[in-house]
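Single-structure report; data block below.
The values are calculated or read from the model by the stated rules, or taken from the named source; none is laboratory data. These numbers come from a predicted model, not from an experiment. Note that each Cβ is placed from the backbone with ideal geometry, even for glycine, and that neighbours are counted across all protein chains shown.
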Amino acid sequence: MAKKHLAAVPMVDLLKEVQKRQKQLPSLQKRRARLAADLDLLDRVIAALTGSSGPRRGRPRGSGVARVRRKQRAKNKVSLADALVSVMRKSGEPTSAPEAAEAVKKVGYKSKAASFRKIVALTLAKDKKRFKRVSRGKYALA
């Protein structure tokens, strides 16, 4: 497909294209925020596995761009792993990550994470001292 010079494109068509792209902006910003959150979670998992914080991402300090305020992080009296242990002791049988996430929230564990089930799955897979994988997607106490 041949490219047109902008001078050959009518002004009406250019304005329509600008409006179309401006309508896409909010959804692209939401998608970017979700991807940034997923990347942050992966960085934390890598840091936990390797013991290093990894490369620093983001804007240089003092760049003059205001930071976006995030939601206040939920405070819990026990760690997620401890809450999972108590829930799994009560059930007494192997549990999947979605079931464990639901049970932990019912017990009172607070989280505002959109991907809480993923966080629970990572905790179950990562903490081999407390949990063991008994079948695909099912975990029991070690």
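To keep it simple, each residue is scored yes or no on (1) surrounded by 10 or more Cβ atoms within 10 Å (Cβ to Cβ); (2) under 30 Å from Leu124 (Cα atoms); (3) modelled with pLDDT of 70 or more.
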| position | (1), (2), (3) |
| --- | --- |
| Pro10 | no, no, yes |
| Lys20 | no, no, yes |
| Lys30 | yes, yes, yes |
| Leu35 | yes, yes, yes |
| Arg44 | yes, yes, yes |
| Thr50 | no, yes, yes |
| Gly54 | yes, yes, no |
| Gly62 | no, no, no |
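Summed over the range 80-100, residues that are touching a residue at least 40 places away in the same chain (Cβ under 8 Å) and surrounded by 15 or more Cβ atoms within 10 Å (Cβ to Cβ) total 9. I want to confirm something. Restricting to the range 122-142 and keeping residues that are touching a Phe, Trp or Tyr at 6+ places or on another chain (Cβ under 9 Å) and surrounded by 16 or more Cβ atoms within 10 Å (Cβ to Cβ), which single residue is farthest from Ile46 (Cα to Cα)? Applying the filter and picking the extreme gives Ala140.
Scanning the range 101-114 for residues that are exposed (fewer than 15 other Cβ atoms within 10 Å of the Cβ) and not aliphatic (A, V, I, L, M) gives Lys106, Gly108, Lys110, Lys112. Listed by first and then second residue, the pairs with beta-carbon distance under 6 Å, at least 6 apart or on different chains, first residue in the range 105-132 and at positive phi, second assigned to a helix (DSSP H, G or I) and buried (at least 16 other Cβ atoms within 10 Å of the Cβ), form an empty list. Summed over the range 81-124, the residues that are more than 20 Å from the chain's Cα centre (by Cα), assigned to a loop (DSSP other than H, G, I, E, B) and either among the basic types (Lys, Arg) or modelled with pLDDT of 95 or more (or both) give a count of 0.
From the list Lys71, Lys77, the one residue that fits, being modelled with pLDDT of 85 or more, within 22 Å of Lys110 (Cα to Cα) and exposed (fewer than 10 other Cβ atoms within 10 Å of the Cβ), is Lys77.
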